Amino acid sequence: MIDKILGPRYDAYLAFIRKAMIKDQIEARGVRDPRVLAAMDKVCRHCFVTEDMVSRAYEDYPLPLHGGQTISQPYIVALMSELAELKGPERVLEIGTGSGYQTAVLAELAAGVCTVELLPELAAGARARLAGLGYANVEFRTGDGAEGWAERAPYDAIVVTCAAKAVPPALLGQLKPGGRLVIPVGGEEQTLKVATKGPEGARERDVCAVRFVPMLGK
Ligand code: SAH
């Protein structure tokens, strides 16, 4: 439809509505980190959704992926990226690769991203998509993210994109002192939390109510 009408101008249209998404959904709700805003502008969310969802890629919602999973709402991706407090040299662990969209945003913001996905089909799709987009600073693993990725630890930041019943101890253990763990915690009702590891041990703060798919596995 609109892609047929606009033809070669469709990409320019998508870039235009992506800028509107940043202004109206992300900046308007208080995300200010200029590096995060630039990353949200650079990463084409429409490259990560299923073909039938491309025209809706910049709307204010999560969208369905294969296997009953979802690509997170753009604002939540931006918020979690901001909460990770990345300046550029960091190494980040992501749990729940899904489409690879949040992975790409993190790869724009940090030196390296290790990402773990439970479902092999999604992991393979994200790997191919990110390679196609030219991301060379991402490592993929298929498995249970509750265990983290010990061989690559410690991490400056850990971003979890599925809801855990409680903060998995393995993830806190793989965080560097001073690092940030950004994680949705709960069942039906969930809270986005930031856990930090300081000199006096781990601390947690609540950011806002969120709704993520549950962390599966053990
Ligand atoms: N960040 C993704 C959001 C994906 S939804 C995106 O931007 O597209 C959450 C993802 O977590 C799903 O892909 C789901 O398969 C995955 N997941 C669920 N439980 C998991 C676990 N225990 N370990 C790793 N990944 C898990």
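The values are calculated or read from the model by the stated rules, or taken from the named source; none is laboratory data. Here the structure is a predicted model, which means the values were calculated and not measured. Neighbour counts run over all protein chains shown; Cβ positions are idealised from the backbone, glycine included.
Yes/no per residue for (1) within 16 Å of the ligand (Cβ to nearest atom); (2) exposed (fewer than 13 other Cβ atoms within 10 Å of the Cβ); (3) within 20 Å of Thr97 (Cβ to Cβ):
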{"residue": "Ala146", "(1), (2), (3)": "yes, no, yes"}
{"residue": "Pro168", "(1), (2), (3)": "yes, no, yes"}
{"residue": "Leu171", "(1), (2), (3)": "yes, no, yes"}
{"residue": "Thr191", "(1), (2), (3)": "no, no, no"}
{"residue": "Gly201", "(1), (2), (3)": "no, yes, no"}
{"residue": "Val210", "(1), (2), (3)": "yes, no, yes"}
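Scanning the range 123-142 for residues that are part of a strand (DSSP E or B), over 15 Å from the mean Cα position of the chain (by Cα) and either among the charged types (D, E, K, R) or more than 9 Å from the ligand (Cβ to nearest atom) (or both) returns a single hit, Arg141.
The residues in the range 91-107 that are part of a strand (DSSP E or B), of a type outside the set (Asp, Glu) and buried (at least 22 other Cβ atoms within 10 Å of the Cβ) can be counted, and the count is 3.
Of all residues assigned to the range 134-152, at least one qualifies as being β-branched (Val, Ile, Thr), at pLDDT 95 or above and under 18 Å from Val77 (Cβ atoms). Candidates in the range 111-122 are the residues that are surrounded by 20 or more Cβ atoms within 10 Å (Cβ to Cβ) and over 13 Å from the mean Cα position of the chain (by Cα); of these, the one that is farthest from Arg45 (Cα to Cα) is Leu118. Pairs are defined by a Cβ separation below 6 Å, a sequence spacing of at least 6 or placement on different chains, a first member in the range 41-59 that is in contact (Cβ under 8 Å) with a residue 40 or more places away in the chain, and a second member that is surrounded by 13 or more Cβ atoms within 10 Å (Cβ to Cβ) and among the acidic types (Asp, Glu); the pairs so defined are Lys42/Glu108. Checked against the criterion of being in contact with a helix residue (DSSP H, G or I) (Cβ under 8 Å, 6 or more places away or on another chain) and either without any contact (Cβ under 8 Å) to a residue 60 or more places away in the chain or more than 15 Å from the ligand (Cβ to nearest atom) (or both), the candidates Asp11, Asp33 yield just one match: Asp33. Does Ile71 fit the bill of being surrounded by 12 or more Cβ atoms within 10 Å (Cβ to Cβ), in contact with a strand residue (DSSP E or B) (Cβ under 9 Å, 6 or more places away or on another chain) and not charged (D, E, K, R)? Answer is yes for this residue. Every listed requirement among (1) in contact with a strand residue (DSSP E or B) (Cβ under 6 Å, 6 or more places away or on another chain); (2) exposed (fewer than 14 other Cβ atoms within 10 Å of the Cβ) is met by Lys4 save one, (1). What about Glu108, is it within 14 Å of the ligand (Cβ to nearest atom) and more than 9 Å from the chain's Cα centre (by Cα)? Here the answer is yes, as Glu108 does meet what is asked. Within the range 143-156, residues that are assigned to a loop (DSSP other than H, G, I, E, B) reach partners that are at pLDDT 95 or above and not hydrophobic (A, V, I, L, M, F, W, C) with beta carbons closer than 6 Å, at six or more positions or on different chains, in the pairs Gly148/Gln174; Trp149/Arg141; Ala153/Gln174; Pro154/Gln174; Pro154/Lys176. For beta carbons closer than 7 Å, sequence separation of 6+ or different chains, a first residue in the range 67-90 that is assigned to a helix (DSSP H, G or I) and a second that is hydroxyl-bearing (Ser, Thr, Tyr), the qualifying pairs are Val77/Tyr101.
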